[in-house]
Structures are given as structure tokens and as C-alpha cells.
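First comes the structure, then the notes that go with it.
The values are calculated or read from the model by the stated rules, or taken from the named source; none is laboratory data. Predicted model, so just to flag it, every value in this text is computed and none were measured. Positions of Cβ are backbone-derived with ideal geometry, glycine not excepted, and every protein chain shown enters the neighbour counts.
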Amino acid sequence: MFVFIYMNFASEFNNFVEKEEQQHLANVKQQLAKVYSQYNSWQGISQSVHLWRSIVAPKSKPVKSKPKSSVASKPLQPTPSLLWINLPADLLKTGQRISLYNAEKQVVVGKPQIADNPHIEPIVINKNTVGWLGLMPSRLVENSPAKAFLTAQFHNYFMITLLVILLAFVMAILLSRHLTKPIKQIVHGTNQLNKGNFSNRITPLTRDELGILTSNVNELANTLEHNQQMRFQWMSDTSHELKTPITVLRSHLLAVQDGVFIADEKRINLLIEQVDNLNHIVDDLAQLVNNDTANLTYHFNKLDLTKVFKLALQNFSARFKERSLTLNNESLIAAPQYFINADKDRLMQLFTNLLENTCRYTHAGGQVNITICKNLKRKEVTLCIQDSAPGVKSEELNKLFERFYRVEKSRNREFGGSGLGLALCQQIVLAHNGDITLGHSALGGLEAKITLPLFE
């Protein structure tokens, strides 16, 4: 920018100076023509230096002082910033660089040889050339006012450029530090995540895109930390769940081997029951892993939700009679067809787990209510299963979806559950773009509410 501005300024300024010199030269020619016409020769010029100087180098008129001023006034000097707008007479010293020659190109005033002048113009009177004017342009003269002015401006621009570069350098350092500080923090935070330090958090320093990125990294750290804790809990719970039936099996088998117990039908049935319990836990684990990692196992089709649930409910009719549970399903019987996009086997697995929990944990002689309804605005269908006592505390409702979690008093190991059924149910509902919630039942027990989108 400095080079461009200076070159443009120098070019325009030289053009301006050249025009001023041409104008000055034209005025000199006009006055010399009058003098030549008066004397019919250049004798007046050659004999009077004062006359020559008054023509080629006129002086500016001094500014008159104010009448009432007691201080002697001096001629006002042009302001530097306005110096080249209204040039004082002969400020460029053009008169000192003008030479006069007669018609035969012999010197009258100035340089001895007319060829020494780069610029030559004739003085014509009545179509006759009576003399020649030679001019040495200001741009070709060392230490000329125009050249001195250009040099001064070059130094000014150069100093301004250096100051701007210095200011830009300082601002670049400050700005780079301001920009790189949050980036370095993010890099440090991600390095900590790579090392497994999921408890590390980054303090947001800005509210721009880097601040958003910092928040996202912190959320990622929260998720990784939670997943790590869940993984440790998963491994601990899994080993504990598998260890319990294995310990029972080993203790009974050792007792039979040592002769403490007799391997009768009752003892063998107990061992088979423990094997079945162990097999049930392994099956639940396998199903849960499949739901977590293999979404391609779902085969979605247009299904009637009411029909599928009635089929699942029919399979539990004997269990309801065995537990003396009163079933209220008038809403289900009167319900029309509600078509959804779903996997039939997964839905059967979902309903089987829910009904199994109801039969297993509801006190004998209790009651079960089943309702189904459609929401036209949201284009979804809601299935609700309510059972009677025992209930679940409010702080434990959300924990029921956690793997291996059981309510101590009512959902304990004596009922044979693995604590994975509701976790499987949640996975299945989410795979169908639905929602499942657990709450308090009006009958005093648990309410499971399943919402699924209708088929469009």
C-alpha cells in the first residue's frame, strides 16, 4: 500500500508541477513577446537583468497588516497542507530554470547552449519566430522544491508505514494470544480425554464458536465420564449377577460330593432352577447387547398394535388366573385398529417383559388395568398398563430402567428377575421412535405408559 500510494502521489504531483511550469512558461512567453514588440529586439532583456527577473520570477504581494495592530505583520506563509493548492508566484523557482535565445538560437539569458534545455518552445510574433525559450523541468533538477517536497513526503509515508507495521505486529500478537488461548485450552482438554481423564473440564473464555466448541467438549467429557462409570457398574453388576447362581451351584455340588446333601429329586430341581436362572441372565444380556449394537435385527412392518398386544395378553391369561389378578381391559377390547411401523417379535418381547413384571411383582388378588388411546394431533397411540400394590418410591422410578437395578423390598432376587427386563423395554421402544415412562398407578402400584407413532 505504501508503494502504491507513493507512486500514485508522485505521478500525480509531477503532472501537477508540470502543468504549473507550462502555465508559468506560457505567461513568460506572453510578456517576452510584448517586450520584443516594444524594442523590436532582445536588447532590453539583455541589458536589464531586473526586467528579465520581473518577467520570469515575479514576486508574490505581501499581505497588508491590520490597521489597528501594533505588531509589525509578516507576509503569511502558505500552510504546508495547502501548499500545492494555491501556489505562490515562482514557488517552484521555475524562473531560475528558464533560458532565452534569439531567433538564431544564440543565448540572450541563461544556459549557453540551447541544447542544454530538455524543453524548448518558440516565441512567435505574427507567425515569425523571434526567439526561443528553454526550460529545465523541476523533476530533472536536484534539490528543486518539487523534488524536496516529494522526498519529504516519502519520508513521512515511510514513517507512517513503519508505525502501521509496528501497530499491526503488536495487534497481531495480542489478537493471536486472544484467539489461541481458548484453542490451547481445547487442545489440552482433548488431550486429557485421550489419556482417559474424563473428569477434566474446560473453562469457556468466549461466547463465539470457540465457546460453543468448548461447551461441546465439556458435554462430551460428561458423556464419557458417565459411560465410564456405567461401564464399571455394568461389569461389577454383571460379574455379581453371574457369580450368585454359580456360587449356589458350586456349594450344592460340593455338598453332594462330600455327602452332606443327597442328590435327590428336590436337590436336582434346585440345581436346575439355578441353571435356569443363570441361563435367563445370559439370555437377557445377549438380547440387550443386540439391541445396543445391532439395529439391523429389526424388521419393520405395518402392524396393528391392538392385535399384537391382545396376542401377548392372551399368552398371560393362565398367569393372571394363577395369581388371582383381576384384569380390566374393556378399553383394549373396544379399541379399533391402530397401525404402527414396528417389528412384531420385538413388540412381543416388549409386552412380554411388561406383563411378566406385572404378574411377578403384583400382590396376589390384585388388579390390572389396561387402556389404549390415540392422539390425533400428535399422530401417536398410547398404551397404558397399571397394576396394584406394591408401589415404587418416586426417587426410584427413573432408576428402574438401569440395568440390574431392583427395588429392594419388592423387586428383589427371590422373584427370579435379572434386573434387565425394563432396560430391554426401553431399548425396544426407542428403536421404534417411541417413548416409555414409569409412574405411580392409581391402583397403588406401577404405571407403564408406552407412546408409539402411528403409521402414515
In segment 12-28, how many residues are more than 21 Å from residue 150 (Cα to Cα) and surrounded by 17 or more Cβ atoms within 10 Å (Cβ to Cβ)?
-> 2
State all residues of segment 184-210 that are surrounded by 14 or more Cβ atoms within 10 Å (Cβ to Cβ) and part of a helix (DSSP H, G or I); if no residue qualifies, say none.
-> 185, 186, 189, 190, 192, 193, 210
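Here's the yes/no breakdown for (1) modelled with pLDDT of 90 or more; (2) surrounded by 14 or more Cβ atoms within 10 Å (Cβ to Cβ); (3) within 22 Å of the chain's Cα centre (by Cα):
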residue: 141; (1), (2), (3): no, yes, no
residue: 144; (1), (2), (3): no, yes, no
residue: 173; (1), (2), (3): yes, no, no
residue: 177; (1), (2), (3): no, no, yes
Mind telling me which of the residues 73, 54 ends up being over 19 Å from residue 132 (Cβ atoms) and either assigned to a loop (DSSP other than H, G, I, E, B) or modelled with pLDDT under 50 (or both)?
-> 73
With 305, 355, 311, 325 as the choices, which residue is touching a Gly at 6+ places or on another chain (Cβ under 7 Å) and modelled with pLDDT of 85 or more?
-> 325
Scan of segment 410-456 for residues that are within 14 Å of residue 380 (Cβ to Cβ) and either at pLDDT below 75 or aromatic (Phe, Trp, Tyr) (or both), ordered by number | 455, 456
Scanning segment 210-265 residue by residue, the ones that are β-branched (Val, Ile, Thr), more than 30 Å from residue 285 (Cβ to Cβ) and at pLDDT 85 or above total 3
Within segment 93-105, identify whether any single residue is over 20 Å from residue 50 (Cα atoms), among the β-branched types (Val, Ile, Thr) and in contact with a strand residue (DSSP E or B) (Cβ under 8 Å, 6 or more places away or on another chain), and answer yes or no.
-> no
